[in-house]
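Have a look at the structure below before the remarks.
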Amino acid sequence: MIFSKSLIRGGVHPNGNKQLSNNSEIIAIAPPKYLYINLKQHTGAPAKAIVKVGDKVVSGQLIAKGQGSSANIHAPQSGTVIQIAMHRAAIAGGGEEQMIHLQCDPENQTDSIKLEHDGKTAEELIQIIDDAGIVGMGGAVFPTATKLRSSINKKIDTLLINGCECEPYLTCDDKVMCEQSTQIIGGIRHLLTITGAPLAIIGIEDNKPEAMQTLIDAASEDDNIQVKALPTHYPMGSAKQFIQALCKVEVPKGKRSTDVGVVVQNVATCAAIYNAVRYGRPQTHRVVTISGGALEHPMNIEAPIGTLISELVAYCGGLKESASRIVIGGPMMGHTITNMHTPIIKGTSGVLFLQESELPQYNTSPCVSCGRCVSACPMGLLPNAMAELIEHDDLEAAVKQGLNSCLLCGSCAFICPASLPLTQYFSYANAQLLRQKKMQQKAQLARRLNQQRTLRLEKEALQKAAEKEAKKAARGAARRTRQPTISIKEES
Ligand code: SF4
Ligand code: SF4
């Protein structure tokens, strides 16, 4: 094992609370009666349903096709499509999305088959990943095939595998590393073929010794796969910080990791890649951490995509007390939901049921200019200054200060002695900027359509005038060429 000494800039040390759920094994639950399969499981456009109400489907069947760079979606369970309609989605700020409602038939499962997986070319492997609808499972939910295709013509020096899981409470990746190491290493071998990288490094925070040892053992015969321990330091799992810590290179602003010769994949994504190549298994399930002080028995559950959160809570023995907050993802970067009748998607790493005592206290006071938020910011920003600008509605100045580089990691808000909700300022500003951008785009579109209409009307008017002129000219010409009819009477 190689220990990396490098540290990321800034960051904080929140209480991990990982002990709540990291003691039990992953439990695969029986399929629920109904699944609500969101057509938007990934970044990019929603997938397009290719089944209709009344259709019978078998587990693993393609039910929605990825559009452009979005990802395919498959039935996690055999059953009948009973509705394709809007349903409450686990998105920030609430709202609904289009979903396929499946009534499951637990008796009717297809067995997985072993496929020939050796000797495949990079293109063939990417196609398998694409067909299987695999998306990044670390939270970014970017379609994996699209990410890999964009790396194919670049010189990749290092494949980085992210096993940091730096968010408090979350332990799903930790358990996947402990229990699915063969699949992870198998997936990494495929990724080495695809990227052409000579070396893969699995980075794991040093609070997961069992996962680290398991992966070291699993990779013992692979000279080109290393495991490196990283200090437990939030947000070590954020892609930019992770690359910085392991490769000591910084991804320049506006650039991608492939521009510095690096491809990053999450550990669970590697396992999904192996299952797709080895068994032809699409991404239909995921391991999700159900945790928090309000929950009776926190645990890691392997659940079909589309399972309602209420079903997962029931499986965990229900709630000890009503949760003060339900959070999707980790407490630092996740978002709050208000209703458990919401299904999980491919990117749902955790659902937390937090008690009052586990929440940040918002007895805010004015900024004391202590500068602690500045020291904590991993992106080297000035959170206090940005927040002040946003408070005065000067979003343009906040952008100049670096708002676009903000990871929304929450380190600054976590450390602030005045309990200022700094991250909320930045989320609000981003939402405002997005709204402004959409309005500008709408206005531009309206202007363009108006210009096109004006041009079309002018063209039609010119055409009509030309036609009128042409008709007039034709009539004149006809008059000029017409021969007079003269009747000549013959003399008798
Ligand atoms: S939320 Fe943004 S400003 Fe605050 S520490 Fe993280 S990156 Fe810096
Ligand atoms: S940490 Fe809070 S109180 Fe200190 S400078 Fe930043 S915003 Fe102000």
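Ile128 falls short of the stated requirement of being β-branched (Val, Ile, Thr) and part of a loop (DSSP other than H, G, I, E, B).
Quick one: would you say Ala429 is open to solvent by less than 30 Å² (accessible area, probe 1.4 Å), of a type outside the set (S, T, N, Q), farther than 23 Å from His335 by Cβ and more than 10 Å from ligand 1 (Cβ to nearest atom)?
no
I need the full set of residues from the range 15-26 which are surrounded by fewer than 19 Cβ atoms within 10 Å (Cβ to Cβ) and under 24 Å from the mean Cα position of the chain (by Cα), in order please. Listed by number, the list holds a single entry, Ile26. The test for being farther than 27 Å from His42 by Cβ, of a type in the set (Asp, Glu) and free of Cβ contacts under 8 Å to residues at least 12 places away in the same chain holds for Glu396.
Taking the condition in contact with a strand residue (DSSP E or B) (Cβ under 7 Å, 6 or more places away or on another chain), in a strand (DSSP E or B) and not basic (Lys, Arg), does Leu312 pass? Taking the combined requirement at face value, the residue does not satisfy it.
Every listed requirement among (1) open to solvent by less than 50 Å² (accessible area, probe 1.4 Å); (2) over 21 Å from Asn275 (Cβ atoms) is met by Lys56 save one, (1). Filtered by the rule that a residue be open to solvent by less than 100 Å² (accessible area, probe 1.4 Å) and under 30 Å from Asn404 (Cα atoms), the range 445-481 gives Leu445, Ala446. If only residues of the range 77-96 that are open to solvent by 30 Å² or more (accessible area, probe 1.4 Å) and at pLDDT 95 or above are counted, the one that is nearest to the chain's Cα centre (by Cα) is Met86. When we screen His74, His13 for residues that are under 30 Å from Ala211 (Cβ atoms), at pLDDT below 95 and not hydrophobic (A, V, I, L, M, F, W, C), the only hit is His13. The residue of the range 228-250 that is farthest from Ala218 (Cα to Cα), among those that are open to solvent by less than 10 Å² (accessible area, probe 1.4 Å) and assigned to a loop (DSSP other than H, G, I, E, B), is Pro235.
One line per residue, one yes/no per condition, for (1) touching a residue at least 60 places away in the same chain (Cβ under 8 Å); (2) in contact with a Phe, Trp or Tyr (Cβ under 9 Å, 6 or more places away or on another chain):
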{"position": "Pro304", "(1), (2)": "yes, no"}
{"position": "Gly318", "(1), (2)": "no, no"}
{"position": "Ile326", "(1), (2)": "no, yes"}
{"position": "Gly329", "(1), (2)": "yes, no"}
{"position": "Ser357", "(1), (2)": "yes, no"}
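Under the condition of being open to solvent by 20 Å² or more (accessible area, probe 1.4 Å) and within 8 Å of ligand 1 (Cβ to nearest atom), which residue from the range 404-420 is farthest from Cys166 (Cα to Cα)? Once the filter is applied, the top-ranked residue is Ser405. Of all positions in the range 328-351, none carries a residue that is over 23 Å from the mean Cα position of the chain (by Cα), open to solvent by 20 Å² or more (accessible area, probe 1.4 Å) and either within 16 Å of ligand 2 (Cβ to nearest atom) or not acidic (Asp, Glu) (or both).
Can you work out which of the residues in the range 352-372 that are open to solvent by 10 Å² or more (accessible area, probe 1.4 Å) and within 21 Å of Met236 (Cβ to Cβ) is farthest from ligand 1 (Cβ to nearest atom)? Out of the qualifying residues, it is Pro360. Considering each residue of the range 269-289 in turn, none proves to be open to solvent by 20 Å² or more (accessible area, probe 1.4 Å), closer than 21 Å to Gln19 by Cα and not charged (D, E, K, R). Pairing residues of the range 372-392 that are within 9 Å of ligand 2 (Cβ to nearest atom) with residues that are of a type in the set (Ser, Thr, Tyr) and assigned to a loop (DSSP other than H, G, I, E, B), at Cβ distances under 8 Å and at least 6 apart in sequence or on separate chains, gives Asn384/Ser369.
So that you can scan it fast, the table gives a plain yes or no per residue for (1) under 11 Å from Leu35 (Cβ atoms); (2) free of Cβ contacts under 8 Å to residues at least 12 places away in the same chain; (3) out of contact with any strand residue (DSSP E or B) (no Cβ under 9 Å at 6 or more places or on another chain); (4) not in a loop (DSSP other than H, G, I, E, B):
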{"residue": "Gln67", "(1), (2), (3), (4)": "no, no, no, no"}
{"residue": "Ala71", "(1), (2), (3), (4)": "no, no, no, no"}
{"residue": "Pro76", "(1), (2), (3), (4)": "yes, no, no, no"}
{"residue": "Gln83", "(1), (2), (3), (4)": "no, no, no, yes"}
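From the list Gln463, Gln440, Gln436, the one residue that fits, being within 30 Å of Tyr362 (Cα to Cα) and either touching a Cys at 6+ places or on another chain (Cβ under 6 Å) or without any contact (Cβ under 8 Å) to a residue 60 or more places away in the chain (or both), is Gln436. Arg286 meets the stated requirement of being closer than 26 Å to Asn207 by Cβ, outside any helix (DSSP H, G or I) and of a type outside the set (Asp, Glu).
Of the residues making up the range 176-193, those that are open to solvent by 10 Å² or more (accessible area, probe 1.4 Å) and β-branched (Val, Ile, Thr) are Thr182, Thr193. For the range 99-123, the tally of residues that are of a type outside the set (Asp, Glu), part of a loop (DSSP other than H, G, I, E, B) and either under 18 Å from Leu192 (Cα atoms) or at pLDDT 90 or above (or both) stands at 4. Listed residues Gly163, Gly138; which is open to solvent by 10 Å² or more (accessible area, probe 1.4 Å), touching a strand residue (DSSP E or B) at 6+ places or on another chain (Cβ under 7 Å) and under 11 Å from Gln265 (Cα atoms)? Result of the check over Gly163, Gly138: Gly138.
The values are calculated or read from the model by the stated rules, or taken from the named source; none is laboratory data. None of the values given here were measured: they were computed from a predicted structure. Cβ atoms come from the backbone with ideal geometry, glycine included; neighbour counts cover every protein chain shown. We work out accessible area using only protein heavy atoms, side chains counted, and drop any ligands, DNA or RNA first. Shrake-Rupley method; radii C 1.70, N 1.55, O 1.52, S 1.80 Å.
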